[in-house]
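The values are calculated or read from the model by the stated rules, or taken from the named source; none is laboratory data. No experiment lies behind these values; they were computed from the predicted model shown. FYI the Cβ positions are ideal-geometry reconstructions off the backbone, even for glycines, and counts take in every protein chain you see. Heads up: the accessible areas ignore ligands, DNA and RNA and are worked out on the full protein's heavy atoms, side chains in. Shrake-Rupley method; radii C 1.70, N 1.55, O 1.52, S 1.80 Å.
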Amino acid sequence: MSSLSLSHVLLLSPSVCLSNTGDGNPRESSPFINNTDDDKGTLYDGKNMALFEEEMDSNPMVSSLLNKLANYTNLTQGVREHEEADEDEGAKKKTVKSPQMGTFIGVYLPCLQNILGVILFLRMTWIVGTAGILESFIIVSMCCSCTMLTAISMSAIATNGVVPAGGSYYMISRSLGPEFGGAVGLCFYLGTTFAGAMYILGTIEILLTYIVPSAAIFKAEEKAQEADALLNNMRVYGTCCLTLMALVVFVGVKYVNKLALVFLACVVLSILAIYAGVIKTIFEPPVFPVCLLGNRTLQNHDFDKCMKTEIIDNVTVTTKLWSLFCEGPELNASCNEYFSLNNVTEIQGIPGLTSGVISENMWGSYGPAGMLVEKAVPSVPASVASQDKYMPYVANDITTFFTLLVGIYFPSVTGIMAGSNRSGDLRDAQRSIPIGTILAIATTSIIYLSCVVVFGACIEGVVLRDKFGDSVKGNLVIGTLSWPSPWVIVIGSFFSCCGAGLQSLTGAPRLLQAIARDGIVPFLQVFGHGKANGEPTWALLLTAVICESGILIASLDAVAPILSMFFLMCYLFVNLACALQTLLRTPNWRPRFKYYHWALSFLGMSLCLALMFISSWYYALVAMLIAGCIYKYIEYRGAEKEWGDGIRGLSLNAARYALIRLEEAPPHTKNWRPQLLVLLSLDSELSVKHPRLLSFTTQLKAGKGLTIVGSVLEGTYLTRESDAKRAEQVTIKSAMAAEKTKGFCHVVVSSNLRDGFSHLIQSAGLGGMKHNSVLMAWPANWKQSNDPQSWRNFIETIRETTAAHQALLVAKNVDSFPHQERLAEGTIDVWWIVHDGGLLMLLPFLLQQHKVWRKCKMRIFTVAQLDDNSIQMKKDLQMFLYHLRLNAEVEVVEMSRSSIRRKNQSGAHGSAVNNQNAQLIHDRNTASHAALNDNSDATPERVHMTWTKEKFCTERTRNREPNASVAVRDLFNMKPNQSNVRCMHTAVKLNEVVVNKSQGAHLVLLNMPGPPKNVSLEALFGEKNMHHVDP
């Protein structure tokens, strides 16, 4: 027997193998029917015996299918749960049944019902007549292609886990993060709410125009006032209808659920009646005569005969039509000029499928508001057309153009989310959602495209362009084509619009409730509450208010483009989510639906964006502005959520790419800025000793560049692992949040503090994002401490920072630094002793960008010797600052062995602000001296005290003279074997002049040379010498 190879064995810790459903709840699953779980006993009721679960869908019993059809509902899972909770209130809660819905009942029919609706019945014929068959075909194809591509992307997302109540919001938020999810979720909520307003307006339009026109409250006395009267009637009746529907939803959605099958039947029967009518026109077209005056279409309301005169008992008498155009019924009465010049003719409004009218309806007929609907026949024009608007002609009520029709039509293809919203009700959601949704879109696309052709082939062009059917005695135009009666379409469309309106008022509040309960938008928290059974009462109230604003617009054609924007934005981000997840190839991206591709998702996203701007560019900009404001609000105030979204993965990929690019070349001088490593000290309680160090970091960085906050715990990682995590996650991050410091934090455990800080200095950062400066506090209370290790660690940190070629900033008296309070006018004093490449000039400039230091002015002091040309030094320094584009006052201080005096004070006055103690920051940028340091091992380099070329040459010459003055030079040229008394005397003198000149300054910046190499601590900085540095 061959031995087992262990070269590729992966050992895992013991765990339970669970299947993740995508909602964070792992579940055990079994594909076999003979599962013994009691709670799954009802899963296979009414099924034939089969070995695997997949086989059960192929052989369902007829009784089971009929039973499901009888229990059909168009409500989502969350709504059903609320309904059951309401019914079981006060009684023992029933056992929740296992999901039973299949593809046909659970996905296909709800999608079909939601897609087919008000636009098909009220505007489709008008769109075909206005745009023509070809352009209408393009409009329908674009919109249907958009929803089909979105459905493919949605299917991939929906089959990558369970989609609970919330539907598209849940998919987008879990795929693109809370910011995008909240923004698009609220836009989708607004779209659903305005859809409710559109359906209610459609209901009222059918009621007042085609069912009971006499019920109108506002009636126009003149033809010019008809439009305003109609809008006012829509507002009054729409508000009443909205109130009634909201009350029905508030009382209980179970009443809506009982009518779901009725609403579905109305939609299906209406579609069948249309196709039956089309077939009937081949053999016997319906009789709907249309009266033309010349080539103009007449409103056939107030007359019954299409003739000017008629002969009754051999007497020629005028008709009612004559009275509409003439001043009286007499034959010699004065009549309208166009009426007198042209004859009336009667044509068939529905000539039939084989009549050849399709060629006339192939092209569009756009025009401004008030343009008369005319047929392409000869006529005699009138010399004056000013009275035409008062005549009973059929005219355009709005200005028509191609992009407007796109915006009006698009709502007719929405509703594709109905299947994904109910995934919890489906027996096999990952199979049913893709199949049912794509089949529903394919079915409705075929219906819409065929309707474009059959409407253009069966109906006269002037009737198609007659939006309200005035030319066919006020009948619904699509109803004139139906069989057996126009009332089938009228009643069917009326109930269909009612059902769709109720569905919107039921779904929109629950969508808002799902967003509110996620807690990502703080001001929406109140809308997450409701009745005892979970009904979103407050969300319903807000939905009704927003819906009322849409009803007050009162025009179906004006509301439709608004909700088109919101739905298109939602579909755009569904496509973006799928494309992003596919390109990132995240391990969790394993959808069961395999027929997707990132290119299709990008095509769908591009099509959505194009349709937004085609429909209405200003509505598109407003929708994007609303979404952008919500996005920034959630980013600024929203709750932190970690959903494993694609934006986080995209950020990781972008960061990785940027880090690799940074490694390709060193940063240019123009891009240089302090990238800080802040060394924090923690006390025994793991509290931050100097939190003002973080305040100073915030003021210095202002959120720009890299900030790493590091700390060291003494011990071993095995024993202090929990302390390290607590210090990092709780203590330091809380302190950073309190001080508004943006950056990263890292706590290491080391056997001693010196090694720990050494590790941080060496290894903090990643790739090109590494620190170039170290910020730390001056060791406090080192004089009172009996342990010399505190100042030894401090000196070692200085030396290791120097060895790493990094700048070192040491903050003295850091606990008295300003926090967030703005300082009054004062100064930031810079003592430029050693040339450091400009870092000392850059620090005050960076501080002045922050509000705390904004009112402070910069003063620069430089030290000269007696034989220096102080006047020229000052001029050169001022010119240097001018080229650096920095505003500062310049002072040159002369320093000798026994005196300190000020030269050339004119024009350089500094004002004392208060008596607070001066604060010192010692900084060292050894990068600019790396070459010099490398050439001086035990003997330190020659440091010039000013930056000028003249001074550099003078210093070099004086260095060669045996009797040169060494008073100031010895401070920076100290050798280990020299006497320290003379050097410390000079340091004290320098300290006195700093305190004297900068006593009233808010901040003092002072640079010092770095320590020499290969020198012991005792020889370089003994405890006695620390007293001179820390007076």
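Can you pull out the trypsin sites (Lys or Arg not before Pro) in segment 537-612 whose DSSP state is coil and whose Cβ has at most 10 other Cβ atoms within 10 Å?
Arg585, Lys594
Within 10 Å of each candidate Cβ there may be at most 14 other Cβ atoms; applying that plus a DSSP loop requirement, which GluC sites (Glu not before Pro) in segment 579-683 survive?
Glu640, Glu642
R0 = 35 Å: FRET efficiency of Ala369 with Gln525, Cβ-based, nearest 0.05? Provide the component values of the computation, followed by the final result.
Numbers: r = 46 Å, r/R0 = 1.30.
According to the calculation, E is roughly 0.15.
Between Gln878 and Ala385, what length comes free when the chain is fully extended (0.36 nm per residue of separation minus the Cα-Cα distance, one decimal in nm)?
169.4 nm
Determine the distance separating the Cα centre of segment 301-374 from the Cα centre of segment 702-748; give it in Å without decimals.
86 Å
At a Förster distance of 60 Å, what's the computed FRET efficiency of Asn588 paired with Met307, Cβ-Cβ distance as r, to 0.05? Display every interim value, and only then the final one.
Numbers: r = 75 Å, r/R0 = 1.26.
My answer for the efficiency is 0.20.
Per-residue HN-Hα couplings for segment 201-210, Karplus 6.51 cos²θ - 1.76 cosθ + 1.60 at θ = phi - 60°, whole Hz, x for Gly and Pro?
Each residue of segment 201-210 in turn: 4, x, 4, 5, 4, 5, 5, 7, 9, 10 Hz.
What accessible area per residue comes out for segment 374-522, rounded to a whole number of Å², with a 1.4 Å probe?
That works out to 30 Å² for each residue.
Roll a 1.4 Å probe over the protein heavy atoms and report the accessible area of Leu600 in Å², nearest 10.
Rounded to the nearest 10, that gives 70 Å².
Could you tell me the accessible area of Ile630 in Å² (1.4 Å probe, neighbours in place), rounded to the nearest ten?
Counting only protein heavy atoms, the figure is 30 Å².
Under 5 Å between amide H atoms, partner at least 5 residues away or on a different chain: which partners does Val678 have, H built in plane at 1.01 Å?
Hits under the 5 Å cutoff: Ile708, Val709, Gly710, Leu775.
Whole number in Å², please: accessible area per residue of segment 618-738, 1.4 Å probe, ligands, DNA and RNA not counted.
59 Å²
In whole percent, and with a 1.4 Å probe on the protein chains, what portion of the accessible area of segment 316-359 is carbon and sulfur? Provide the component values of the computation, followed by the final result.
Working: 1160 of 2330 Å².
Ligands and nucleic acids excluded, carbon and sulfur reach 50 percent.
Can you tell me the length gained on complete extension of the stretch Ile217 to Trp617, counting 0.36 nm per residue apart and subtracting the Cα distance?
140.4 nm
Roll a 1.4 Å probe over the protein chains and send me the accessible area per residue for segment 100-158 in Å².
Accessible surface, normalised per residue, equals 18 Å².
Apply the Karplus curve 6.51 cos²θ - 1.76 cosθ + 1.60, θ = phi - 60°, to the phi angles in segment 807-823 and return the couplings in whole Hz, x for Gly and Pro.
Karplus-based 3J(HN,Hα) across segment 807-823 equals 6, 10, 10, 10, 9, 9, 6, 5, 5, 9, 5, x, 8, 10, 6, 6, 7 Hz.
Calculate the spin-label point distance for Leu652 paired with Lys473, positioning each point 7 Å from the Cα along the beta-carbon direction, and give it in nanometres.
Rounded to a tenth, the inter-label distance reads 7.1 nm.
For segment 415-466 and segment 120-140, what is the separation of their C-alpha centers, rounded to whole Å?
16 Å
Quick check on packing: order 813-822, 483-492 by the mean number of other C-beta atoms within 10 Å, highest mean leading.
By packing density, highest mean first, the sequence is 483-492, 813-822.
Provide the solvent-accessible area of Glu337, counting protein heavy atoms only and rolling a 1.4 Å probe, rounded to the nearest 10 Å².
Using a 1.4 Å probe on the heavy atoms, I get roughly 70 Å².
By accessible area of protein heavy atoms, probe 1.4 Å, what ranking do Leu176, Leu652, Leu259 get, highest first?
Details: Leu176 0, Leu652 115, Leu259 80 Å².
These residues rank, largest area first, as Leu652, Leu259, Leu176.
Please arrange Leu609, Leu122 by accessible surface area, largest first, computed with a 1.4 Å probe and ligands excluded.
Working: Leu609 70, Leu122 5 Å².
So the residues, ranked largest to smallest area, are Leu609, Leu122.
In what sequence, largest accessible area first, do Tyr237, Tyr636 appear using a 1.4 Å probe?
If we order Tyr237, Tyr636 from most to least accessible, we get Tyr636, Tyr237.
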